[in-house]
Amino acid sequence: MAGVSADRLPPGMPETQVFSIGSTLSVTGITDQSTQMDWTSSRGSPLESTTFNSSDLISLVQYHDSLMGNGGTVVEVKNFDFGSGSQSRSMYNIESEKVLTYNSREGSLLLGSETLMMDNMGNSTSDSLPIRCVFSDQNAILMPAFCNIVQAKSDLININQAKVSTKGEIRSAGGFSTSAAMNYRIAVTADKNVPAHGTVRTEFAGSIMEARDTNLSENTWYKTAATNSWKDKTEVAGEVRNLQKTFGYVSGMRV
């Protein structure tokens, strides 16, 4: 009997990169800050290849965070950590966290945006894997193809007073037995009992396409067998006393 698959992550490269960026700001005046990362890792054909061969796995990750103000007082503590190695189920390749307060002066405004995106895809494979889907036939099977995309995004628009905290996590390298994961949370609250003022938007979205594993005598391994998509959007404007949104995503083979 065949079963729907899930993300199979490419393993980390033998040579790994690890870096951290820490920022502490306390500024009255103009602010312009951004952090951006694009990361692609694969198993199988090289990234330059225009074909997607059997057993190939590719993971694309994007992270972007920006902050811009034309005056006022900004106090911010921010950390961004990246490690390209294979991660266990409780660890992440990307971790970001920040705490921000802002107070307008003479009509100044603050704009901000943060986006996390993960796109994992894989072609079918008949490799001997260390795990097996619980519904798989015990004979020669093909692990099915998949293409799964998830995104978390938040925007701060025309803010003149706010206390904001965010945290993001992405796991996209680890191997067949490690699940892909993305977590994001944002909190906008009153600062010293003064409500935040402005517009805050959040959007969480995903698109999932999965084939099924199959005995080699069947021909369902390359056909879509399960799809789902979702989107969650929130927008608040005016005096914001408390806004908290969380997003969690895990996709991996059942073991």
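The values are calculated or read from the model by the stated rules, or taken from the named source; none is laboratory data. Note that the coordinates shown come from a computational prediction; the quantities given were computed from them, not determined experimentally. So basically every Cβ, Gly included, is an ideal-geometry build from the backbone, and we count neighbours across all protein chains shown. Protein only, heavy atoms only, side chains kept; ligands, DNA and RNA dropped before computing areas. Shrake-Rupley method; radii C 1.70, N 1.55, O 1.52, S 1.80 Å.
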FRET E, pair residue 229, residue 192, Förster distance 51 Å, beta-carbon r, rounded to 0.05: 0.80
Estimated inter-spin distance, residue 167 and residue 70, nm [label 7 Å along Cα→Cβ]: 3.5
Estimated vicinal HN-Hα couplings, Hz - the stretch 70-76 in sequence order (Karplus 6.51, -1.76, 1.60; Gly, Pro = x): 9, x, x, 10, 10, 10, 9
Dimensionless Rg over Rh [the stretch 8-250; C-alpha; Kirkwood]: 1.07
The stretch 82-127: C-alpha gyration tensor shape, a/c 1.5 cut-off, then a/b vs b/c: prolate
Computed label-point distance, nm, for sites residue 47 and residue 236 using a 7 Å Cα→Cβ extension: 3.9
Solvent exposure ordering (accessible area, 1.4 Å, most first) of 81, 32, 38: 32, 38, 81
Extension gain from residue 91 to residue 26, taking 0.36 nm per residue of separation minus the Cα-Cα distance: 20.3 nm
Cross-link pairs 98/233; 98/231; 98/153; 167/245; 192/245; 163/192 - those with Cα-Cα distance over 19 Å: 98/233; 98/231; 192/245
